[in-house]
1. Under a 1.4 Å probe, what is the accessible area of the range 71-206 per residue, stated in Å²?
2. Considering the Cα trace of the range 71-206, what is its radius of gyration and what is Dmax, both in angstroms?
3. Net charge near GLY117, counting Lys/Arg +1 and Asp/Glu -1 over other residues with Cβ under 15 Å of its Cβ?
4. If you take the C-alpha gyration tensor of the range 78-128, multiply each eigenvalue by 5 and take the square root, what semi-axes do you get, largest first, in whole Å?
5. Could you sort 89-102, 118-131, 187-200 so that the peptide with the highest average Cβ count within 10 Å comes first and the rest follow in order?
Amino acid sequence: IDEYGKLFCAIANGYADHVKSGSEVIDPAKVFVTDDDDISMVLYDGEAIMKDVDSDIQLVSVTKGDEVKEYYSLQSAFDKAADGSTVTLLDNADLGESTFSIDTNEGEKNLTFDLNGFSLTGKDQLLYVHSGVNLTVKGGTVGGVDADNVCYYAICNFGGKVNIENLTISNCKCGIYNGEDWIDDETRVAGELTIGSGVIINATAV
């Protein structure tokens, strides 16, 4: 791969096995590619180096035990995260007008979303949590870009269990929505919301 004459790497199963860039030493652990067969999107150390790169990349890692995998989008990370995993932001992430959803088709899934001191921003409703998901969100800022670019909801919980710790929610019309999820035509599951210590909510409503 030599789109900018900057990086050569051999890709196997989405990871860099061998990396070379002239005489410069390149750390394979800092090379990220898309999580599918399309390798037109490549990042090195957080910098997009391929020509046709999505400008809305969100760098994240998923950790379970000693296993760590990197992804280029929050949606991909949460889709692949197994029960007991921690999804960690590796940089500030802006969703623009998009959102992402945390769901499960395999019973309950316990996950932690660690913003790692970074910010998750966007313009609409940023984070959806659905029934079967037990999620802890902590360690950063969620909301609109600034006071002139606010989001609607920072977190929407539909039947899941959400625990919030050491988190700032700002630049939102409404900070958190906690409601019910329809399992079928007759069954609804109420969301559970716990707000722990160190939580700051600057929004019109909660």
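1. Counting only protein heavy atoms, the per-residue value for the range 71-206 is 46 Å².
2. 13.9, 42
3. Around GLY117, the surrounding residues sum to -2.
4. 21, 14, 7
5. Ranked from most to least packed, the peptides come out as 118-131, 89-102, 187-200.
The values are calculated or read from the model by the stated rules, or taken from the named source; none is laboratory data. Everything quoted here is computed from the prediction, not taken from an experiment. Methodologically, a virtual Cβ is constructed for each residue, glycine included, from the backbone with ideal geometry; neighbour enumeration extends over all protein chains shown. Accessible surface is based on the protein model in full, side chains and every heavy atom, while ligands, DNA and RNA are left aside. Shrake-Rupley method; radii C 1.70, N 1.55, O 1.52, S 1.80 Å.
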